[in-house]
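A short worksheet on the structure shown next.
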Amino acid sequence: MKKQLGIVGIIFLSIGSCFAGNPDSTRVTDVIDRSLQREEYHLIFDKVPSLLSVWEKGDYALISTGFSSSGGDYVHPQLFFSKNLFEIKSESVKSLPVNGWRFFGSVAYTNGNAETGKWNMSYNLPTNGSPYYYMIEQEGTWKSQSYDFNVAAQKNISGRLSAGIGLKYLGDLHFRTFDSRNDNTTLKIQVLPSLTMNFDGKNYISIGLLYQRLKNEPNISNKYQHGTEPEKYHLFFNQGLGTWDNSPSQMRMIDSRYGALISYRKFSANSSFDAIYAIDYGSEEWLLKSLSTLNNRREDISRYSYFSHDLSLRHRSVTSSGSFVTNFDIKNIHGDGAVYKESTNAYQDNYQFFSITADLDVSYIRSNSVLRQLSAKLRLDNSSQNDYNYGHILEYTNLEGTLSADVISGKNRAVNLIFGGLFSYKMNLSGNHNPMAASSNFFNTEIAIPAFAYHTSDFYRAGARVCSEFDIAGGYRLDISLSGDFLKPIKLNNYENRSSFTLNDKYYLMSLSLCFNF
Amino acid sequence: MKKINLRLFITALVAVITISACEKKAPELSVIEVTLATSAAFDGVAIGNIPVEITNTIDNTKKTVLTNQAGVAIFEDIAPSTYNISASKELTAEIAFNYTGFNKAITINANLQNIAVMPLQTIRQTLTLDGKAGGDLVIKEVYSLGAANDGYAIMFKDQFFEIFNNSDETQYLDKLYIAYLSPSKAGQGSTDVPLGLPLTSFVYASKILQFPGTGTQYPLEPGMGAVIAINAINYKELKPLALTVDNSTAQFDTYAITWLQSLGRTGNSFFDVDNPNVPNMNCIYLNIQNNGFFNMDDYASIALVKSGPVFTETIKDPTITTSEVFYMKIPVSEIIDGVDILAKSSSAAFKRLPAVIDSGFTYAQENGSANYTGKSLRRKVAKTLASGRKVLQDSNNSSNDFEVVAPATPRSYNLN
């Protein structure tokens, strides 16, 4: 009951604030600036809620709805060959300067369907490096829904001290609609309390804590008798790169994550600088749903523990002609997996994961120019997996560079039109796949080889977007955006004859969104 | 904070991450060293250049290495797991004559099951090659898993097995026995427990049938097979779209109701149907008191036994404590041929036949769950003679000698 009241409160906070206060049109020029405003919130203030005390972008509110569609054969062999999503979202920042409060609220609902590739019984594969997921050879079709609630509150304790707390309640429902079935529910709860100290009105130091609990509850069943290829419907539980359980029990997963962060913000008249460093420790456990005391079985069958480091830097400087925004983010995850062996009544360590991703993004946003925005991005992605039960190593490093530009047609405040384009190229810098004792294991032949071929392939991406926005009744502003991306592989660097795609395949992404701004 | 300190901080952080990235754990792989020997009966057979195969019972991967002249095969970079180890050597008729006294080719085999290999361990095992002269009559096919796509109208009522004459002379089926071997559990379920009784001198039967006849009434010509059906009914006619068989032309069928009634027991008229046009097998032993019939287990190991012995000694199943279940003991020396069909590739502990009869075992699906798939285990063809007669593979190792087919193929090797 308390949880339901809490959710209702979050909804009112998010939506109610949309209809209050002055519109932000005097502060925000167009969709480019509006995107910058939201980007700054999600990169900085979402992580350090107490920093909302220095939120300089003004209140805003929006309700948006959109549809996105993606599909193609140039995709990771276990992931989405097609995906269609409908989303409706509300987001707002609301200040109460008299009382020293500032709030952020966001509610989002998505509904869609997807087709996943082979050896995926879990919809989304783990993103924290964990090797644990249910898998089945037969491709699947899915229906999905998600409910995301996100609120933050900040209060000035004194002239120098500010406290804040962020709460997230994210629920996903993924239903596999093709035998074998999986009614998979995921619930993530995140709490971020933080404190910010203002030293001289220009320098701010914040500290914060993170607690996150992710519960994943698969419910696997068969509704109809299978066809004559029962091997395609055999359920496995993956535990490494060749280590798997071929008679898995029904399990649930609990991932508890604890973290701390420290951040520094420096203000001046024409620039701002933010640095945030966060360190997290997470422990993911897979627990048997039904435990028989007669068999004296252990409850937790697999466990994965990991450390995550994240350093984010953001610099913005304002000149007479525009502003430069530089974002740099580097993230590292280091994890270890172990499976419980009944034969020895002990956990056997078998798996290691290590990854570094680094993103550098430089944008020049011009105020009074047809060329509204120019940006260049660079992304480095390094990943290494090691199943030392088999000596199976899989590692690669990729570099992707992107150039994009947006032009605006005139400066008509009532209506404007923005055209944007982007081009990116992803290049594989290195790759090493050595299956050793797992060379004949079906994980190597069916999953590792095609996935490695995909990860180490080079591709180019071309994209375009058209945005238009105009005033509507009540002083509000509506923006409509249509965008599309197209990916095509250029080079297969490994396993040319055994990849799941060819150089003739492609992947597309399209989205249409409608946003009412208040 | 000064800019230079921030740069140093970032550099230090990246250095820490980079250094921690280098600490990749070394593979925890092991070594298996296999030494071949021969039984006393085959002492002197050369043991060099023999293929030794190991099978990882968890992921079903196989690796084969040839022995050196000393009979040693070394497997390096092996993942910790549980392994089955097997080796076989075919002796030509000329060489076999020196050991068996029969001028007939023979395959000698050796097999070890469930050898546990821990990380970074070197395991040393000795395998002893042994064998017996191949039989003239062999089990050609066992179809026990039941029909598929039949809406459960047939289930396992269409089971059959087939005996084949693999020699070049007429053989007689009269008075030969067929034994269904125990235990019924074959490693499908996680709670299945192996029987635990020794297989050196005896095997253990839950059901025994006997061919009728007085001695020469039921000949089987060379290259011909005889089908023994649980029910001699045309199930294809009953369910044309199902994966099932036409058993109406079986040479023999089983019918237990009359026999059970004569013993004061009851049969099962739902599953046990008699075709009056097909000769019945003689009922010898059935360890179910009432409602029993001569169906095979899902994963059925069966043996063809000589006609001479009379079976009287039973033994209680030591693994069943909730009731008393008895099996008939059958001397290994009386077995003509046998095939061990188990649930899945990791079911070696549930073998029902000793290695001298069947040094391996076979299964329909690596990971089990083969019930009602319409699949059948059939002996492979070693060669086809100019006359069209087929000679079937008989190395006394069903791991190599049998293949999976669907649907089942009764009398498929017959000349006409």
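Checking the structure you have, find out if any residue of the stretch B:335-353 is over 28 Å from B:Asp192 (Cβ atoms) and of a type in the set (Lys, Arg).
The initial filter retains those residues of the stretch B:335-353 that are over 28 Å from B:Asp192 (Cβ atoms), namely B:336.
Next, only the ones that are of a type in the set (Lys, Arg) stay: none.
Scanning the stretch B:335-353, I find no residue that is over 28 Å from B:Asp192 (Cβ atoms) and of a type in the set (Lys, Arg), so the answer is no.
Limited to the stretch A:335-353, what total is found for residues that are touching a residue at least 60 places away in the same chain (Cβ under 8 Å) and within 11 Å of another protein chain (Cβ to nearest Cβ)? Give the derivation first.
Kept after step one, since they are touching a residue at least 60 places away in the same chain (Cβ under 8 Å), are these residues of the stretch A:335-353: A:335, A:337, A:339, A:350-351, A:353.
Next cut, within 11 Å of another protein chain (Cβ to nearest Cβ) only: A:350-351, A:353.
The number of residues fulfilling the criteria is 3.
Are any residues in the stretch B:117-135 at pLDDT 90 or above and either buried (at least 20 other Cβ atoms within 10 Å of the Cβ) or under 22 Å from the mean Cα position of the chain (by Cα) (or both), and if so, which ones?
Within the stretch B:117-135, B:Val117, B:Leu127, B:Thr128, B:Leu129 qualify.
Please go through the stretch A:437-482 and give me each residue that is within 14 Å of another protein chain (Cβ to nearest Cβ) and either buried (at least 21 other Cβ atoms within 10 Å of the Cβ) or assigned to a strand (DSSP E or B) (or both), ordered by number.
Within the stretch A:437-482, the first condition is being within 14 Å of another protein chain (Cβ to nearest Cβ), and the residues that meet it are A:437-448.
Scanning the stretch A:437-482 gives A:Ala437, A:Ala438, A:Asn441, A:Phe443, A:Asn444, A:Ile447, A:Ala448.
Table: residues versus (1) over 29 Å from B:Glu313 (Cα atoms); (2) within 14 Å of chain A (Cβ to nearest Cβ); (3) touching a residue at least 60 places away in the same chain (Cβ under 8 Å).
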residue: B:Lys207; (1), (2), (3): no, no, yes
residue: B:Ile230; (1), (2), (3): no, no, yes
residue: B:Ala242; (1), (2), (3): yes, yes, yes
residue: B:Asn247; (1), (2), (3): yes, no, yes
residue: B:Ala250; (1), (2), (3): yes, no, yes
residue: B:Trp259; (1), (2), (3): no, no, no
residue: B:Asn275; (1), (2), (3): yes, no, no
residue: B:Pro279; (1), (2), (3): no, no, yes
residue: B:Cys283; (1), (2), (3): no, no, yes
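Residue check, B:Asn84 against (1) surrounded by fewer than 21 Cβ atoms within 10 Å (Cβ to Cβ); (2) at pLDDT 90 or above; (3) part of a strand (DSSP E or B), all met but one. Which one?
Failed condition: (1).
Restricting attention to the stretch A:211-234, which residues are buried (at least 20 other Cβ atoms within 10 Å of the Cβ) and assigned to a strand (DSSP E or B)?
A:Asn216
Any chance the stretch A:314-324 includes a residue that's of a type outside the set (Lys, Arg) and within 12 Å of chain B (Cβ to nearest Cβ)? I'd like the intermediate steps shown before the answer.
Let us first name the residues in the stretch A:314-324 that are of a type outside the set (Lys, Arg), namely A:315, A:317-324.
Filter once more, so that each one left must be within 12 Å of chain B (Cβ to nearest Cβ): A:315.
Within the stretch A:314-324 (the criterion being of a type outside the set (Lys, Arg) and within 12 Å of chain B (Cβ to nearest Cβ)), the answer is yes, since at least one residue qualifies.
State yes or no: is A:Asn350 surrounded by fewer than 16 Cβ atoms within 10 Å (Cβ to Cβ) and under 29 Å from B:Ser190 (Cβ atoms)?
For A:Asn350, the condition - surrounded by fewer than 16 Cβ atoms within 10 Å (Cβ to Cβ) and under 29 Å from B:Ser190 (Cβ atoms) - is not met.
Being modelled with pLDDT of 90 or more and over 28 Å from the mean Cα position of the chain (by Cα) is the filter here, so list the residues in the stretch B:1-43 that pass it.
Answer for the stretch B:1-43, where residues must be modelled with pLDDT of 90 or more and over 28 Å from the mean Cα position of the chain (by Cα): B:Leu29, B:Ser30, B:Val31.
Based on this model, can you work out whether A:Leu394 counts as more than 22 Å from A:Pro126 (Cα to Cα) and either of a type in the set (A, V, I, L, M, F, W, C) or crowded, with 17+ Cβ neighbours inside 10 Å (or both)? Steps first, answer last, please.
On the way: more than 22 Å from A:Pro126 (Cα to Cα): no; either of a type in the set (A, V, I, L, M, F, W, C) or crowded, with 17+ Cβ neighbours inside 10 Å (or both): yes.
No; evaluated as a whole, the condition is false for this residue.
Among residues belonging to the stretch B:153-182 that are within 22 Å of B:Thr373 (Cα to Cα) and assigned to a loop (DSSP other than H, G, I, E, B), point out the one that is modelled with the lowest pLDDT.
Here the residue is B:Ala153.
Looking only at the stretch A:483-498, which residues are exposed (fewer than 13 other Cβ atoms within 10 Å of the Cβ) and either more than 29 Å from A:Asn434 (Cβ to Cβ) or of a type in the set (S, T, N, Q) (or both)?
A:Asn497
How about the stretch B:74-98: which of its residues are of a type in the set (Gly, Ala, Ser) and within 14 Å of another protein chain (Cβ to nearest Cβ)? Steps first, answer last, please.
Taking the stretch B:74-98 as the starting set, the residues that turn out to be of a type in the set (Gly, Ala, Ser) are B:79, B:81, B:86-88, B:93, B:96.
Listed by number, the residues that qualify are B:Ala79, B:Ser81.
In the stretch B:210-238, which residues are small (Gly, Ala, Ser) and within 18 Å of B:Asp158 (Cα to Cα)? Walk me through it before giving the result.
Filtering the stretch B:210-238 down to residues small (Gly, Ala, Ser) leaves B:213, B:215, B:223, B:225-226, B:229, B:232.
Scanning the stretch B:210-238 gives B:Gly225, B:Ala226, B:Ala229, B:Ala232.
The values are calculated or read from the model by the stated rules, or taken from the named source; none is laboratory data. What you see is a predicted model, and the numbers here were worked out from it, not measured in a lab. All Cβ positions, even for glycine, are placed from backbone atoms using ideal geometry, and neighbour counts span all protein chains on display.
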